[in-house]
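The values are calculated or read from the model by the stated rules, or taken from the named source; none is laboratory data. Values in this document were obtained by computation on a predicted structure and should not be read as measured data. Note that we place each Cβ from the backbone using ideal geometry, even for glycine, and neighbour counts take in every protein chain shown. For the accessible areas, the whole protein counts, side chains as well, though only heavy atoms, and no ligand, DNA or RNA atoms are used. Shrake-Rupley method; radii C 1.70, N 1.55, O 1.52, S 1.80 Å.
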Amino acid sequence: MKVDNYIASKYFFLNSNGFIKIISLISTIGISIGVAALIVVISVYNGFTEHVTNMLINIDPHLQIRLKTTDYDKVDSISNFLKQQSNVTFFTKFYEQKSLIFRNGKYYVINLKGYDTLNNKSYKNSIITGKINLDKNELSIGMPLATRLETLPTDTVILSSFKELGTAAIYTFLPKTQSFKVASIFETHNREYDLLNAYCTLNTILSFVDENSPNGFEIWLNNIENSQDLKNKLYSVFPKDIKVLTWYDLHKELYQMMSMEKWAAFIILSLIIFVASFNILASLTMTVLKKKRDIAILQTLGLDENQIQKIFYKQGLISGILGSIIGTILGISLCLLQIYYKIYPLDPDKFIIDAMPIKLDILTIFVIIFVTLLLSFIASIYPAKLAYRTNIVESIKWE
Amino acid sequence: MNNYILACESISKSYHNNGEKIEVLKNISLNFLGNKIYMLLGASGAGKSTLLHILGTLDKADSGKIFYEGTELSSLSQTRLNKFRSHNIGFVFQFHHLLPEFTALENVALAAMIAGESKKISFEKAKDILNQLNLSHRLNNKPAELSGGEQQRVAIARAIINNPKIVFADEPTGNLDSKNGEIINQIILDLKTQNNIMFIIATHNKELCSIGDVNIYMKDGVISSIEEK
């Protein structure tokens, strides 16, 4: 055992001054609380982010290609390119158009999406009534929209395309309207999404809006982490004809806001550790002032300036390490209790989840511990410098 | 010069007090041979302790040189000086200055650990020395649980654990009753003969003076006389 470790641990655990001992204990408790609070709060943020991400990924594609061209040869070459990609599990052409949906004197703005192939898993799983495979002029609408329109499968609704609305207003002719049969009703647990979207086949929508080619592709991968790679690949092969959005790009603002909120919480909660570090600074400074004579004696025995400084750096770090260990155990325990026993449940009538979501992330915990140890170390710099400036002769002169 | 263990040449030291310069040591030159007990004697303020601290490398002189076995100590870096002190010099102070959080055994072992010994060997050596000084029953007692005489014996054990050639002592019996003072005197004599240690002791104590081989009298920062027995 190194002599500075030996002395530092003795001073930390067996400090003869009761007051310094109490301040030292308070700083360790403060750090423990700060670390535990950070782990719990950041894990809740991570849990919510994961939940929202999963929810959105269940509905949205992993990648969306928006075509800047109507050249069908290009569409085919993109289609062939996607078929050759081993990590693409499923892709479909689509066309989308804002439209008005009418029934029983009620009308709503919806986003009508027509798909070449509508058999991806998330769509199939979301159908609650009616048929999965749509025929020409058939629609699948969300549960909240169906409720508002008071419609059930086999009922008829009328759609008017927004594509025609602007021209219709100027030239005063009626926009194109068409009857559609409601074939199925879906529910994705994202109320806004269910209210605003309706599906049909690609052929149906193309004939409805008088177009020949799709305006994009939606792609699902075997691993969501590969989306950026495929995006880059697509841009390198088709640099001018497409705009590619990953699952992150589709809701960039939301993900950025969640990340910003998480870091804001991290900084605010780090203040607990910051304040606790001030206690380390106070207790160590008092220790140095009280132990001037002992420090001088250690110097007469041959301990050099570096070792003297290390004694106090290490005392600060012991406080930080102890606080981190206790705080991490406490924080992880609270998270596990929430994960397995749902100690903080949510009202299922108001929320779509039954308990506060938690995601324990090892990297986040390491960042928290690193920040804690860094602050503890910074707090011990001043006392350590003060210690090594001790004047030996002045300090040993008197009892 | 090479025949001496320790020598100082033209040592001067002054302090400034409210703008006034006080010369504590004036051009002092001394030579110290091994295996002897040197007594620094003189009234309070004569400069005994300051000279002791400068010779022991705890303080720096304004001018002059100190030689240890022919090596000039002022040419050493602070780190090498600390190492030198740890291996070659021991200190005993009037107020023992033991570390209160550490037991007697730990206080002594710490000096060996600072000198670079492993914890295990340091504790074994500390145990042996404390046994020699009849403190085997006090190994695990903290300084506050020891008597004044016991505390000073622990301080002596700490000073000699690294087998130094010189031990500096500043009023080592100044805080002890006559009985304990005699015990310390005897220990110093034994260490001189058995361990071949040179002692340089600053004191007022007449009984302690009696064990000295050389009495160096100081007055107003100069050596007034040297008396060899």
**Report entry** Theoretical gain in end-to-end length, A:Thr154 to A:Phe13 [0.36 nm per residue, Cα-Cα removed]
**Finding:** 42.9 nm
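Could you tell me what a quarter of the Cα convex hull surface of the range A:155-273 works out to, in nm² with one decimal place? Mind dumping the intermediate values first?
Values: hull surface 53.2 nm².
For the Cα atoms of the range A:155-273, the hull's average projected area reads 13.3 nm².
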Report summary line: In the range B:94-123, the residues losing 30 Å² or more of accessible area (1.4 Å probe, heavy atoms of protein chains only) relative to their chain alone are B:Phe95, B:His97, B:Leu99, B:Pro100, B:Glu101, B:Phe102, B:Glu106, B:Leu110, B:Met113, B:Ile114, B:Lys119
Report task. Calculate the radius of gyration of the Cα atoms of the range A:45-128 to one decimal place, then report Dmax, the largest Cα-Cα distance, as a whole number, both in Å. Result -> 16.5, 49
Query - Within the accessible area of the range A:265-399 (1.4 Å probe), percent carbon and sulfur - result: 70 percent
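What value, in deg cm²/dmol to 500, does the helix sum -39500 (n - 2.57) over DSSP H runs of n ≥ 4 give at 222 nm once divided by the residues of chain A? Numbers along the way, then the final one.
On the way: 15 runs with 235 residues, N = 399.
Result for chain A, helices only: -19500 deg cm²/dmol.
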Report summary line: extent check for the range A:182-245: Cα max minus min per principal axis, descending, whole Å, gives 41, 33, 19
Query raised in the report: What total accessible surface area, summed over both chains, is buried at the interface between chains A and B, computed with a 1.4 Å probe and given in Å² to the nearest 100?
Result: 2500 Å²
Query raised in the report: Given a Förster distance of 45 angstrom, what is the FRET efficiency for A:Lys21 paired with A:Glu192, based on the Cβ-Cβ distance and rounded to 0.05?
Result: 0.20
Query raised in the report: Which value, in debye to the nearest 20, gives the size of the charge dipole of the range B:1-122 about its Cα centre, when Lys and Arg are +1 and Asp and Glu are -1 at the Cβ?
Result: 140 debye
Query raised in the report: Straight-line reach from B:Lys179: which lysines have a Cα under 19 Å away, not including same-chain ones fewer than 8 places off?
Result: B:Lys206
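Please get the size of the charge dipole for the range A:37-108, origin at its Cα centre, with Cβ charges of +1 on Lys and Arg and -1 on Asp and Glu, quoted in debye to the nearest 20. Write out the running numbers ahead of the final one.
Working: 8 positive and 6 negative charges, 66 e Å.
That gives a dipole near 320 debye.
Exactly which chymotrypsin sites (Phe, Trp or Tyr not before Pro) in the range A:302-391 are in a DSSP loop and have at most 12 other Cβ atoms within 10 Å? Provide the component values of the computation, followed by the final result.
Numbers: sites: A:Phe312, A:Tyr313, A:Tyr340, A:Tyr341, A:Phe351, A:Phe366, A:Phe370, A:Phe377, A:Tyr388; in loops: A:Phe351.
In loop regions of the range A:302-391 (DSSP not H, G, I, E or B), the sparsely surrounded chymotrypsin sites (Phe, Trp or Tyr not before Pro) are A:Phe351.
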**Report entry** Shielded residues, the range B:55-75 - accessible-area loss of 10 Å² or more between chain alone and all protein chains, probe 1.4 Å
**Finding:** B:Leu58, B:Asp59
Report summary line: What the 10 Å binned alpha carbon P(r) of chain A shows, as percent of pairs per bin from 0, is 4, 17, 19, 16, 12, 10, 9, 7, 4, 1, 0
Report task. Please work out the C-alpha center-to-center distance from the range A:325-370 to the range A:98-135 and express it in whole Å. Result -> 37 Å
Query raised in the report: Hey, what number do you get for chain B at 222 nm if only DSSP H runs of n ≥ 4 count, each worth -39500 (n - 2.57), divided across all residues, to the nearest 500?
Result: -10500 deg cm²/dmol
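Rounded to whole Å and ordered largest first, report the semi-axes of the equivalent ellipsoid of the range B:1-125 derived from its Cα gyration tensor (root of 5λ). Don't skip to the end; give the middle numbers.
Working: eigenvalues 168, 73, 42 Å².
Over the Cα atoms of the range B:1-125, the ellipsoid semi-axes are 29, 19, 14 Å.
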Query raised in the report: So which of B:Lys165/B:Lys219; B:Lys48/B:Lys119; A:Lys292/B:Lys65; A:Lys83/A:Lys113 end up more than 31 Å apart, counting from Cα to Cα?
Result: B:Lys48/B:Lys119
**Report entry** the range A:123-166: projected area of the alpha-carbon convex hull, averaged over directions, in nm²
**Finding:** 4.1 nm²
Query raised in the report: Looking at this model, which pairs from A:Lys291/B:Lys192; A:Lys68/A:Lys359; A:Lys291/B:Lys127; A:Lys131/A:Lys342; A:Lys106/A:Lys163 are more than 30 angstrom apart at the alpha-carbon?
Result: A:Lys291/B:Lys192; A:Lys68/A:Lys359; A:Lys131/A:Lys342
Query raised in the report: Pairing the Cα long axis of helix A:305-341 with the longest principal axis of chain A, what angle in degrees results, from 0 to 90 and rounded to the nearest 10?
Result: 40 degrees
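When 1/r is averaged over all different Cα pairs and the result inverted, which Kirkwood radius in Å belongs to chain B? Numbers along the way, then the final one.
Values: mean 1/r = 0.0554 Å⁻¹.
Here the Kirkwood hydrodynamic radius works out to 18.1 Å.
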Report summary line: For the range A:277-379, whose charge dipole is built from +1 on Lys and Arg Cβ atoms and -1 on Asp and Glu Cβ atoms, the candidate among A:Gly302, A:Pro357, A:Ser324 with its Cα farthest towards the positive end is A:Gly302
Report task. Give the relative contact order (percent, whole number) for chain A; include only Cα pairs under 8 Å separated by 6+ residues. Result -> 29 percent
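How would you classify the range A:1-55 from its alpha-carbon gyration tensor, with a ≥ b ≥ c the square roots of the eigenvalues: rounded for a/c under 1.5, else prolate if a/b is greater than b/c, otherwise oblate?
Details: a/c = 9.54, a/b = 2.71, b/c = 3.52.
The shape class here is oblate.
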Report task. Before anything else, pin down the relative contact order of the range A:257-386: Cα pairs under 8 Å, at least 6 apart, normalised by residue count, whole percent. Result -> 42 percent
**Report entry** Beta bridges by DSSP in the protein assembly as shown, antiparallel share as percent, to the nearest 5
**Finding:** 70 percent
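Measuring with a 1.4 Å probe in the full set of protein chains, what accessible area per residue, in whole Å², belongs to the range A:1-138?
Values: 6400 Å² over 138 residues.
Result: 46 Å² of accessible area for each residue.
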Report task. Post the alpha-carbon centroid distance, the range B:37-109 to the range B:124-146, in whole angstrom. Result -> 23 Å
Report summary line: In the range A:47-155 the accessible area split gives carbon plus sulfur, as whole percent at 1.4 Å, a share of 48 percent
Requested in this report: Before anything else, pin down the relative contact order of chain B: Cα pairs under 8 Å, at least 6 apart, normalised by residue count, whole percent.
Outcome: 29 percent
Report task. With +1 on each Lys and Arg Cβ and -1 on each Asp and Glu Cβ, and nothing else charged, work out how big the dipole of chain B is about its Cα centre, in Debye to the nearest 20. Result -> 420 debye
**Report entry** Per residue accessible area of the range A:289-399, 1.4 Å probe, in Å²
**Finding:** 53 Å²
Requested in this report: Excluding residues fewer than 8 places away in the same chain, name every one of the aspartates and glutamates whose C-alpha is closer than 19 Å to that of A:Lys136.
Outcome: A:Glu96, A:Asp116, A:Asp155, A:Asp210, A:Glu211
Report summary line: Filtered hits (aspartates and glutamates, Cα-Cα < 13 Å from A:Lys397, offset >= 8 within chain) -> A:Asp294, B:Asp59, B:Asp170, B:Glu171
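Please go through the range B:1-100 and write out the GluC sites (Glu not before Pro) that DSSP classes as loop and that have at most 11 other C-beta atoms within 10 Å.
Values: sites: B:Glu9, B:Glu20, B:Glu23, B:Glu69, B:Glu72; in loops: B:Glu69.
Qualifying residues, ordered by number: none.
With N set to the number of residues, divide the alpha-carbon radius of gyration of the range A:298-361 by 2.2 N^0.38 Å and report two decimals.
For the range A:298-361, the normalised Cα radius of gyration is 2.08.
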Report summary line: Nearest 10, in degrees from 0 to 90: the angle of helix A:162-171 to the longest Cα principal axis of chain A is 60 degrees
